[in-house]
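Novice: This is the structure I have questions about; it appears just below.
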Amino acid sequence: MTDPGISSTDDYPTLPNSAMEEEGAAPPATRLSLRAWFVEGLRAGIFLMPRVAGRTPTPLQALILTALVVAVEVALFRIEIAGPARLDVQAWLSAWWSAGLFIGLAWWAFPSETAEPGSEEEKPKRPVGVGAAFVLWVIASLPNTLVYQCLMAAIAHGWLTGSVFSQNWLYWVFYAVFTTWSLGAAILLVVRFTGLTARTAVFALALLASTGLTTWQFNARAWQQDDERDAVASSRPRLQLSQQTFETQQALWESTMAAIARERPGVTDVYGLVFAPYAAEDVFLRESTLVSRLLAERFDAEGRVVHLVNHATTTQTHPWATTQNLQRAIDAIAQRMDRNNDVLVVYMTSHGASDFKLAAAHWPLQVPPLTPGELREALDNAGIRHRVIAISACYSGGWINALAGDTTLVMTAADATHTSYGCGRLSELTFFGRAMFDEQLRKTHSFEQAFARAVPLIKQREIDAGKDDGFSNPQIQVGAGISPVLRALEKRLDALPAVAPAAAQAPVPAASVIRP
């Protein structure tokens, strides 16, 4: 097949003899077709010699082939996500800086065609040219990407089942294998253009470094789960942004902050800040509401609990759960409490990721995720000394090091490498929220005792529910400086008259699903 206007009249080249085949050369021709360039790029992707024999693609060919590869890769990235998804153009474009690096390094490292002495027969039989190398490198990524994305799609869509496919370490194994494949194919391609030289070694090291930098700083997915569109499709309530909405939120914010009760001299008061930033699933609204009421009723914190939540049904009643509102709420609470003697309880419930960011969503409102460092900075800046912090999210154990301190108790629903359980759409409460707050803290005022009793309950319920990616392994760390403060608080609260509990929550369905 030929490409009129952009290829020669020669068909795809064939190898005339075994000697040329061994060298990877093709018979003389002025230009290769698009199909030939594509096939040779695929050969490079599986470690075979590209048979281009010093030819260079035209600018139009390079543009068409690059656009084709981009289109195929974007389509492959999409199939990795089950359900509605949205294209994050910024995240996708952020990975293309490596293309400029490749071209620049190739320009520096490749031998000049005019510098080769002698007749045509004396010239090396390897490919020469930056344009050819770039086109082959771009196309060579396809075999690797095709296999990897199909594998990830099979796991995401449930076509591959079994406990092994739920293990976090397996994804790192896949990543290592396919990254090695990609780097190996790229470095071998460069060697075939340059030979084994010092510049080749520098080129290879630069490719290795760029891969590491991409993983560290630019490892964002081109496609993101679109839970809000899924919610709209399911006729769920939807946030309507308007001037009235923003004015309502502003007035609500001011009245909520003004209503925070002041500290009582001589009393160690409990203040609460409950944060539920993920609007797409009702479980976080239910759980944050329960914890807010529990703190008010069981910990003598009536009028001292601020509940920030994202949900379409709470726009008129609760301030939004955004990072900025969280920081402002911490500042407002700090102004009303005795920052050296009172205790602030922070409860956060949402999805969590392996990069330890707390997911936030309230479409069409843009809400950035929250990091452990942002929470720690807000608390430090406010000067709040005694802190009890609980995070109900997957991989939430990764928050402990950033938040721990002498006057801080931190507890999490999972360790840094495991998912938690019970945050699917069928769940009434998360397993951690249910066992810790809805059950054990109704029987004791000790966070440590409640945690110790809740952990075996969570473990057994995860076994009964069929959680197959390992025990969530909730974590706790207690600073030496806060222990006596909490013991004195327990003694005071135990002496108070009992307060009628909030309405009982419905049981958690056994069919709840893992949702990091």
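Novice: Spelling out what I want: for every residue of segment 263-276, take phi, set θ = phi - 60°, compute 6.51 cos²θ - 1.76 cosθ + 1.60 (Karplus), and round to whole Hz; glycine and proline get x.
Specialist: My calculation for segment 263-276 gives 5, 9, x, x, 10, 7, 7, 9, 10, x, 9, 10, 10, 10 Hz in order.
Novice: So for each of 344-354, 395-405, 41-51 I average, over its residues, the number of other beta carbons within 10 Å; can you give me the resulting order with the highest mean first? Kindly include the intermediate steps, with their values, before the conclusion.
Specialist: On the way: 344-354: 25.0, 395-405: 21.5, 41-51: 19.6.
Highest to lowest by the protection proxy: 344-354, 395-405, 41-51.
Novice: Considering amide H positions built from the backbone, and no H for Pro or chain starts, which residues 5 or more places from V388, or on another chain, come under 5 Å of its amide H?
Specialist: L344, V345, V346, L409
Novice: Compute the distance in nm between two label points, each set 7 Å from the Cα along the Cα-to-Cβ direction, one at D331 and one at R262.
Specialist: Each label point is offset 7 Å from its Cα along the Cβ direction, giving 2.1 nm.
Novice: Could you tell me which trypsin sites (Lys or Arg not before Pro) in segment 420-466 are loop residues by DSSP with no more than 14 other beta carbons within 10 angstrom of their beta carbon? Let's see the in-between values first.
Specialist: Values: sites: R425, R434, R442, K443, R453, K459, R461; in loops: R425, K443.
Taking segment 420-466 and a limit of 14 other Cβ atoms within 10 Å, the loop trypsin sites (Lys or Arg not before Pro) found are K443.
Novice: Using the 10 angstrom Cβ neighbour count as an exposure proxy, how do W320, W363 rank, fewest first?
Specialist: On the way: W320 24, W363 20.
With the fewest neighbours first, W320, W363 line up as W363, W320.
Novice: I've got another one for you. Using alpha carbons only, what's the Rg to Rh ratio of segment 305-459 with Rh from Kirkwood?
Specialist: On the way: Rg = 15.3 Å, Rh = 16.2 Å.
Value, to two decimals: 0.94.
Novice: When DSSP assigns beta bridges and you keep just the ones with both residues in segment 268-494, what percent turn out antiparallel, to the nearest 5? If you can, show how the numbers build up before the last one.
Specialist: Values: 7 of 31 bridges.
Of the beta bridges lying entirely in segment 268-494, close to 25 percent run antiparallel.
Coordinate-derived values only; no laboratory data. Small disclaimer: the values here were computed from a predicted structure and weren't measured. All Cβ positions, even for glycine, are placed from backbone atoms using ideal geometry, and neighbour counts span all protein chains on display.
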